[in-house]
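The values are calculated or read from the model by the stated rules, or taken from the named source; none is laboratory data. Quick caveat: nothing in here was measured; it's all calculated off a predicted structure. Neighbour counts are summed over all protein chains in view; Cβ atoms, including those assigned to glycine, are modelled from backbone coordinates with ideal geometry.
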Amino acid sequence: MDAIEEFVALARKKGLEPADKARLDAELVELRVLAEASMKGARQALDEIQAIVAAARSLQTYDDRGCRQVASTAAPAPHRF
């Protein structure tokens, strides 16, 4: 958060020194890398949740004779908050 606050403070200045611009460019690259990693993690979590929901909807059990039975469940679809 310090990098973002510093960026805002420097952006409000009327002019940027070359050293400030170079430092801000480096910080923006770092923020982009962090944002992309966060997005990748969120996508992986979503994929895992979808796999869990799909598995829960198709629970497989065996009857008394040892025969496999597939029972679909009516789990509600996940909602975004």
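Scanning the stretch 19-68 for residues that are exposed (fewer than 10 other Cβ atoms within 10 Å of the Cβ) and either of a type in the set (Ser, Thr, Tyr) or touching a strand residue (DSSP E or B) at 6+ places or on another chain (Cβ under 6 Å) (or both) yields GLN60, THR61, TYR62, ASP63, ARG68. Taken together, the criteria exclude LEU16 from residues that are under 30 Å from ASP2 (Cα atoms), modelled with pLDDT of 90 or more and surrounded by 10 or more Cβ atoms within 10 Å (Cβ to Cβ).
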